[in-house]
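Engineer: Starting off with a structure, shown below.
The values are calculated or read from the model by the stated rules, or taken from the named source; none is laboratory data. Everything numeric in this text was worked out from a predicted model, so none of it was measured. A quick note on method: Cβ atoms are made from the backbone with ideal geometry, for glycine too, and the neighbour counts reach across all protein chains shown.
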Amino acid sequence: MDLSTAKYRITYEAFSKFSASISKAKNLDQLIAIVHKKSKYLFDSKLFRTIVCKEDIVHSFTFIPEQAVQQEGADTLYPYERKLLIDRIPFCNTLDTFLFDEFLSCDRVINPRLWGWHFQYNDLQVCVSVLSDDTKRFVSNDIEILHLVVDTVITKFQEIQFKSELKHKNKNLQEALLLIEKKNEQINQIVDNQKAIIEARTKEIRGKNDKLLEISKMNAHNVREPLSRILGIVDIIDHLSTEELHGEVLDYLKDSAQDLDLTLKQIIAMSAAEIDKFGLE
């Protein structure tokens, strides 16, 4: 087995372990930690940088031997990354001006060379760049394994982002369901209160109707007695002489009429009192 074949086999064994570790990542922090720890076994670099863009949201991840740095916002983009997002053309350039002072001292880099690629994953745009030098050489043969690394990492990134968004949506949905449940309880309480009011009002009206019916029966009985006397006199008036009519019969008729008038006044007064008592008009 020649050296190139041995290196190829070792690299892909390392990638297999890398991929297995990536699959176990539960969140973004774990994903970043795995990439930082294990990517150095897959290809050499002084700096490895990944930009993930979705609409106006920009995530940048910079990996150097000492640390991994996560940043957000379009202001974290370098000019070459902005250009790469537009023209999407891979490049490999020597650096006349060192760009990465915030991460790496230029004194530690000998003859720097910057590589860059653009990838599209559905609604994600991804820019990947590798800074290499004479001490950490990235070569063309490493591009294939780099692409596999990017595919694996971005797929996991999308999975983590999707789960996070789903969790957030589920939380919002749960809050909405709780709000609806609370509103339903309030509506049910209002309905129960209205039902109680209607039942109480119905009972009150039924009681008033019963009382008015009682008054009506009592009044009918009180009116019937003097009215019966008057009607009785009317029935026999044609059979009486003038003398008989002007005698006791007329006096009896007057007394009966006065009794009827008194009874009607009592009925009116009693009915008015009950109406005032019930609050009816």
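Engineer: Scan the range 146-179 for residues that are within 14 Å of the chain's Cα centre (by Cα) and modelled with pLDDT of 75 or more and jot them down.
Structural biologist: Once the filter is applied, which keeps residues that are within 14 Å of the chain's Cα centre (by Cα) and modelled with pLDDT of 75 or more, the range 146-179 yields Glu165, Leu166, Lys167, His168, Lys169, Asn170, Lys171, Asn172, Gln174.
Engineer: Kindly evaluate Val58 against the criterion of being within 20 Å of Ile22 (Cα to Cα) and not acidic (Asp, Glu).
Structural biologist: Numbers: within 20 Å of Ile22 (Cα to Cα): no; not acidic (Asp, Glu): yes.
So Val58 fails the test.
Engineer: Here is a follow-up. Report yes if Leu131 is in contact (Cβ under 8 Å) with a residue 24 or more places away in the chain and under 30 Å from Asp107 (Cα atoms), otherwise no.
Structural biologist: yes
Engineer: Additional query: Quick one: is Gln186 outside the structural domain of Ser19 (by TED's automatic domain parsing) and assigned to a helix (DSSP H, G or I)?
Structural biologist: On the way: outside the structural domain of Ser19 (by TED's automatic domain parsing): yes; assigned to a helix (DSSP H, G or I): yes.
Yes, satisfied.
Engineer: Let me ask something additional. Could you pull out the residue among Asp87, Asp101 that is of a type in the set (Asp, Glu) and either at pLDDT below 95 or on the phi > 0 side of the Ramachandran plot (or both)?
Structural biologist: Within the list Asp87, Asp101, the selection yields Asp101.
Engineer: Go through the range 13-29 and give me each residue that's more than 30 Å from the chain's Cα centre (by Cα) and either among the polar types (S, T, N, Q) or crowded, with 16+ Cβ neighbours inside 10 Å (or both).
Structural biologist: Scanning the range 13-29 gives Ala14, Phe15, Ser16, Phe18, Ser19, Ser21, Ile22, Ser23.
Engineer: What about Gln125, is it within 13 Å of Val52 (Cβ to Cβ), in contact (Cβ under 8 Å) with a residue 40 or more places away in the chain and among the polar types (S, T, N, Q)?
Structural biologist: Yes: the conditions hold for Gln125.
Engineer: Where in the range 57-156 are the strands (runs of 3 or more DSSP E), entirely inside, with at least 2 residues that are outside the structural domain of Arg9 (by TED's automatic domain parsing) and not hydroxyl-bearing (Ser, Thr, Tyr)?
Structural biologist: Counting at least 2 such residues, we get no strands (runs of 3 or more DSSP E) at all.
Engineer: Still on this structure, please answer the following. Could you tell me which numbered condition Phe15 fails, if it satisfies all but one of (1) over 26 Å from Asp134 (Cα atoms); (2) part of a helix (DSSP H, G or I); (3) not small (Gly, Ala, Ser)?
Structural biologist: Of the numbered conditions (1) over 26 Å from Asp134 (Cα atoms); (2) part of a helix (DSSP H, G or I); (3) not small (Gly, Ala, Ser), the odd one out for Phe15 is (1).
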